[in-house]
Amino acid sequence: MENLNDDMRLEIFSRLPPLQLLKCKLVCKNWENLLSLQKVGLLFLIEPSLRDRNLQLHFGDYEEIFSMSRSSGEEFTYQNLTKINHPAINKRSCVLVDMMIGACNGLVCFCIPHNKIDDPVYICNPITTEYINLPRLLNHKNGYVKSGFGYHPLIDKYKVIRIHYPRSHDSQGVPITLGSVEVYTLGSGTGWRSIGEVTYDFSRSGVLANGSLYWLDYKQKRIVAFDLADEEFRWLPTLPPCFNGNKKATYHVKVLGGDLCLVHSEPYEPIDIWSFKNKEKKTDVHGDKEERYQSWSWSLEFRIPCSLLHTKHYLYEPFALTKKHQVLLWIHDSAIYCYDKKTESLNEVVGEDQNRMGLFQGIPHMNSLISMKALGEKFKSRTHQKKEKKNRERIR
């Protein structure tokens, strides 16, 4: 092994099961450093066929995806990606958006459907096969749940946010938007903690940037931040000029390349992606509560010309930024396009005519060997369960 280069070693290590991989990190400092290299790419939740309700996890780094899509005569399918050794995840309906509500440092949080709601109660590390099931929401009267998952580097904590909106009306029959907020801190041992109620109207899961989760309040056309350290909601003080009152416009809050972004599109107009950055070139937003965003501003990062769009504007949804600063967009939850700002081109990566996946969701993901045990959580392991099953079969 010592005579092999790093690429050859990684190729060998990649064929080992997770537990053996963890043991290899203890052999020597060189192996520990090599195995600590983090592979960044996309994690896909895929429906193998249009009639299959069992969803599968697949991973592919950016270079693999692009090289496969450009190979002459080779059709890109989910079978070209690396399948994660993970049990199938059951979906509620034909919509997969936000089933994976977030990924942080290799951990992924999923919404699990039960009792007509989608509850953020399953967290796993797809590489180590460790997972935990959080307590489910009980005694709720229908309604719906909006959630978020994130990590704050200053306090070194992972947290899940769950906001339950019961379907209720006032005396005149007008719907009431009032959500009960709960927080689960991994490793704290305190379970879900109630931190009050909010009147924000969120339509999607929160996105993570700079130690905070962000949502778009669509009715008030404002962006709301939830600081994972002090656990307080606050409005962002500024908005990009794209909020122009056009009722046909659509907006999405995203994180691309680590930066908070707002995606704006209108019929027969370009797709604009605005980025929220610190003018002082710092990423810290944890100073004085009144001044923390004073040096931050919005700037137009990408403009995808209308002439490049092949279908309705609102069907394009950016979801990741490649290493070469290209924007990946999915369409109809089943096709991927790549926009290159330098060449002003929009190229097909996975076309709908090529697609053999059914619907899917993709999120940026970084493979890691982070352990639930190190976080203080009582976890289960798919690898341990398989090993115990084999041992029981041998005893019989």
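The values are calculated or read from the model by the stated rules, or taken from the named source; none is laboratory data. Here the structure is a predicted model, which means the values were calculated and not measured. Please note: Cβ atoms are built from the backbone with ideal geometry, for glycine as well, and neighbour counts cover all protein chains shown. Surface accessibility is based on the protein's heavy atoms, side chains included, excluding ligands, DNA and RNA. Shrake-Rupley method; radii C 1.70, N 1.55, O 1.52, S 1.80 Å.
Details
- Scanning the range 182-219 for residues that are touching a Phe, Trp or Tyr at 6+ places or on another chain (Cβ under 8 Å) and more than 25 Å from residue 258 (Cβ to Cβ) turns up 182, 191, 192, 193, 198, 201.
- Qualifying residues in the range 213-241 (those that are charged (D, E, K, R) and part of a loop (DSSP other than H, G, I, E, B)) - the one farthest from residue 254 (Cα to Cα): 230
- Whichever residue in the range 187-212 is assigned to a strand (DSSP E or B) and open to solvent by less than 20 Å² (accessible area, probe 1.4 Å) and, among such residues, is nearest to residue 138 (Cα to Cα): 198
- Any hit, the range 236-255, residues being surrounded by fewer than 15 Cβ atoms within 10 Å (Cβ to Cβ) and either farther than 25 Å from residue 306 by Cβ or touching a residue at least 60 places away in the same chain (Cβ under 8 Å) (or both): yes
- Filtering the range 53-67 to residues that are open to solvent by 40 Å² or more (accessible area, probe 1.4 Å) and at pLDDT 80 or above leaves only 56.
- Condition met for residue 216 (touching a Gly at 6+ places or on another chain (Cβ under 7 Å) and surrounded by 14 or more Cβ atoms within 10 Å (Cβ to Cβ)): no
- Listed by first and then second residue, the pairs with beta-carbon distance under 7 Å, at least 6 apart or on different chains, first residue in the range 211-233 and among the β-branched types (Val, Ile, Thr), second part of a loop (DSSP other than H, G, I, E, B) and open to solvent by less than 70 Å² (accessible area, probe 1.4 Å), are 223/236; 223/239; 224/200.
- Number of positions in the range 324-348 that are hydroxyl-bearing (Ser, Thr, Tyr), modelled with pLDDT of 90 or more and in contact with a strand residue (DSSP E or B) (Cβ under 9 Å, 6 or more places away or on another chain): 2
- Residues in the range 130-153 that are assigned to a strand (DSSP E or B), surrounded by 15 or more Cβ atoms within 10 Å (Cβ to Cβ) and not small (Gly, Ala, Ser): 130, 131, 132, 144, 145, 146, 149, 151, 152.
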